[in-house]
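Participant: I have a structure here, written as structure tokens, and I will follow up with some questions on it.
The values are calculated or read from the model by the stated rules, or taken from the named source; none is laboratory data. What you see is a predicted model; the values in this text were computed from it and never measured. Cβ sites come from the backbone with ideal geometry, for glycine too, and all protein chains shown count toward neighbours. These accessible areas exclude ligands, DNA and RNA; they are computed on the full protein's heavy atoms, side chains included. Shrake-Rupley method; radii C 1.70, N 1.55, O 1.52, S 1.80 Å.
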Amino acid sequence: MGAQIRVYRQKIGSTKSMRKIFKAMELIAASRIGKARTRVAASLPYANAITRAVTAVASQADVEHPLTTEPAQVRRAAVLVMTSDRGLAGSYSASVLKQAEHLVELLREEGKEVKTYLVGRKAQAYFDFRSREYARVWTGETDSPRFETAHELRDVLLEDFNTDFEEGGVEEIHVVYTQFKSMVTQEPTVIRLLPLEVVEDESETPTDELLPLYEFEPSPEEVLDALLPRYIESRLFNCQLQSAASELAARQRAMKAAGDNAGELIKKYTRLLNNARQAEITQELSEIIAGADALNS
């Protein structure tokens, strides 16, 4: 009985230590989520403004541009998957990877080869464990993205997009990330980045807004050459920011749930400890009474 009491005391002590860690991680995530949401909101005005500019050029000028023209046949597509570097965020990374698997399966059913790019150590570990190939991986800053990384992502993807198929290039680029909608809702999302699909946030821009007429100087082709790389860069950076905010929100929820579960375990082990202690006392009393009866008889 004494050994059982020691086991329960050890379990209570270790569970209390884990609860402190969970609480600390929850507070860290809660302190950082505000900044992450602010960065998401701050990126929207620029993204919306450059989207309007690209939309104006693409819709008002009859321009044949490689980044906006649908290829006659898509033989190879690139998929950029954005996950987290660290765990303890619930099903955040698993949901993104599940969405990416579904997209890859869909592309292969259409007869397309898939070239994969990864962001986050969780995606890298997932592909390494299954011995799957990937072109390149970026790690180390998923919960606090830098604009320089978005710039590098843009350069790598555009280089592959502008490379011929026979030399390993791609004809289509998709991005799988987590869209931050609220502290409770984060949704794994797939967008086709290239060939260009101009998509603007409906909450920021009225759907019936009429674009003004523009005269382009220099030519529309040169304007698109200058605008499209910046547009793609802003889209990628916004995807990174939304993924970071989603990761922190998911981690905060997961750590709160883990802390609550640890509290319930402590209550359970404390109750079992008290029962074991009471049983031990009862047994000792029974032995004392039995010994006294034996002496009297």
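Participant: Within region 119-153, how many residues are in contact with a Leu (Cβ under 8 Å, 6 or more places away or on another chain) and either more than 15 Å from Leu80 (Cα to Cα) or aliphatic (A, V, I, L, M) (or both)?
Facilitator: So the answer is 7.
Participant: So, one more: Restricting attention to region 181-203, and to residues there that are open to solvent by less than 30 Å² (accessible area, probe 1.4 Å) and not polar (S, T, N, Q), which single residue is modelled with the highest pLDDT?
Facilitator: That would be Ile191.
So that you can scan it fast, the table gives a plain yes or no per residue for (1) in contact (Cβ under 8 Å) with a residue 60 or more places away in the chain; (2) surrounded by 15 or more Cβ atoms within 10 Å (Cβ to Cβ); (3) over 30 Å from Gly120 (Cβ atoms):
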residue	(1), (2), (3)
Pro220	yes, yes, yes
Ala226	no, no, yes
Glu233	yes, yes, no
Cys239	yes, yes, no
Ala250	yes, yes, no
Arg271	no, no, yes
Gln278	no, no, yes
Ile281	no, no, yes
Glu287	no, no, yes
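Participant: Got a sec? Which of Ala24, Ala58 is assigned to a helix (DSSP H, G or I), open to solvent by 40 Å² or more (accessible area, probe 1.4 Å) and touching a residue at least 60 places away in the same chain (Cβ under 8 Å)?
Facilitator: Unique residue meeting the criteria: Ala58.
Participant: Limited to region 221-269, what total is found for residues that are within 13 Å of the chain's Cα centre (by Cα) and of a type outside the set (A, V, I, L, M)?
Facilitator: Total meeting the criteria: 8.
Participant: Mind listing whichever residues of region 226-260 are of a type in the set (Lys, Arg) and over 20 Å from Ile191 (Cβ atoms)?
Facilitator: Passing the criteria: Arg251, Arg253, Lys256.
Participant: Name the pairs whose Cβ atoms lie under 9 Å apart, with the first residue in region 81-93 and farther than 15 Å from Gln252 by Cα and open to solvent by less than 10 Å² (accessible area, probe 1.4 Å), the second of a type outside the set (D, E, K, R) and assigned to a loop (DSSP other than H, G, I, E, B), and 6 or more positions between them or separate chains?
Facilitator: Going by the 9 Å Cβ cut-off, the qualifying pairs are Val81/Gly120; Val81/Tyr134; Met82/Gly120; Met82/Thr142; Thr83/Gly120; Thr83/Thr142.
Participant: In this structure, does Ile266 turn out to be surrounded by 12 or more Cβ atoms within 10 Å (Cβ to Cβ), over 30 Å from Arg37 (Cα atoms) and β-branched (Val, Ile, Thr)?
Facilitator: Taking the combined requirement at face value, the residue satisfies it.
Participant: Hey, could you check region 154-165 for residues that are free of Cβ contacts under 8 Å to residues at least 60 places away in the same chain and either open to solvent by 50 Å² or more (accessible area, probe 1.4 Å) or in contact with a Lys or Arg (Cβ under 6 Å, 6 or more places away or on another chain) (or both) and say which is nearest to Ser84 (Cα to Cα)?
Facilitator: Here the residue is Asp155.
Participant: Which residue is nearest to Ser234 (Cα to Cα), if the candidates are limited to region 161-193 and must be assigned to a strand (DSSP E or B) and of a type in the set (A, V, I, L, M)?
Facilitator: Top of the filtered list is Leu193.
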